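These notes are about the structure you will find just below.
Bear in mind these aren't lab numbers, they're just calculated from the coordinates by the rules spelled out. Note that the structure is a prediction, hence the values are computed from the model and not measured. Because the Cβ atoms are built from the backbone with ideal geometry, glycine has one as well, and the counts that use them run over all protein chains shown.
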């Protein structure tokens, strides 16, 4: 019996086939995806976030371990996973920016909340309008995506891959060595993208470059999680550092989105002859926060660079 026939349900081992690592990961994430979808449909807190995480983890597994599978089968599924995550991204971004804006408003000293009607009411209304302009009807975006024929076809394709993994002969190779090799490639991707940041021509380009670093860090983090059963302490440290980098750069990206809504709020306030003093102040606070987050990201990147400089990344 070949690995393709009996990989499902097996536990990964260091000396066993690396294909089992991938199949086990896909099985776990497909189950979690179903649970997250139910939560998102119910409108549960973090339901959309959890759903997008599962979509990314599935895509990461198929991307990092792509030599182990027939890409004519899995690449179209990766594309559809990316599409679904992107469609759901607007709703999640709206939730995050909404929370951040109202956190900023609540933390402002009363004397600095400028505007008629006590300040807070007007600023809160402007924030809601700005959010609506950026991401109209987030709940409808989620429902439309999950109820679409395209998403239904994606689930069927995922089920087929999990039930009958299209593994190649490379999936028979020893798990520890092969998984470590794939993780080293993902680490190199993070560090290569980090080099792009210095060449960014303006703030928007810099934000976009840092976002690419963040995406590569997520891929490394999830790959390290998938390989955890068959790798050593250093890979776990890589995964932890990648998680830290992802978190810091995620917050950095959120400051950019938040500042975009604040700029819209300022324009609306000016058009209505209302004070934009507080809005400008909040924008400045978010810009300063972005700078702090960039400096923190550089510290985490130094940790990843140090780990990359050591040989035998998978050793205990």
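Overview of results
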quantity	calculated
Degrees separating the helix 18-42 axis from the principal Cα axis of the chain, which is the longest one	30 degrees
Helix 71-107 axis, angle to the chain major axis (alpha carbon atoms, nearest 10°)	30 degrees
Cα convex hull of region 200-316 - mean projected area over all directions, nm²	8.4 nm²
Quotient of C-alpha Rg and 2.2 N^0.38 Å, computed over region 163-203	1.85
Fully extended contour minus Cα-Cα distance, from residue 195 to residue 72, at 0.36 nm per residue	41.1 nm
Principal semi-axes in Å for the chain [√(5λ), Cα gyration tensor, largest first]	41, 24, 14
Added length on full extension, which subtracts the Cα-Cα distance from 0.36 nm per residue, residue 42 to residue 292	86.3 nm
Viscosity 1.306 mPa s, temperature 10 °C, Stokes-Einstein D of region 156-245 from Kirkwood C-alpha radius, µm²/s	108 µm²/s
Packing rank of 234-246, 141-153, where each peptide gets the mean count of other beta carbons within 10 Å, highest leading	234-246, 141-153
Computed FRET value (nearest 0.05) for residue 203 with residue 177, which takes r as the C-beta separation and R₀ as 35 Å	0.25
Cβ-based exposure ranking for 100, 189, in which fewest neighbours within 10 Å come first	189, 100
Label-point separation in nm, residue 306 to residue 107, each point 7 Å along Cα→Cβ	2.9 nm
Sequence ranges 250-258, 38-46, ranked by mean other-Cβ count within 10 angstrom, highest first	250-258, 38-46
Structure-based [θ]222 nm, the chain - -39500 (n - 2.57) summed over DSSP H runs of at least 4, per residue, nearest 500	-27000 deg cm²/dmol
Helix 47-64 axis, angle to the chain major axis (alpha carbon atoms, nearest 10°)	40 degrees
In nm, spacing of pseudo-spin labels at residue 150 and residue 168 (7 Å Cα→C-beta vector)	2.8 nm
Peptides 218-228, 290-300, 47-57 ordered by average Cβ neighbours within 10 Å, highest first	218-228, 47-57, 290-300
Mean-position separation - Cα centroids, region 130-190 and region 195-270, in angstrom	19 Å
Residue order, fewest to most beta carbons within 10 Å, for 279, 161	161, 279
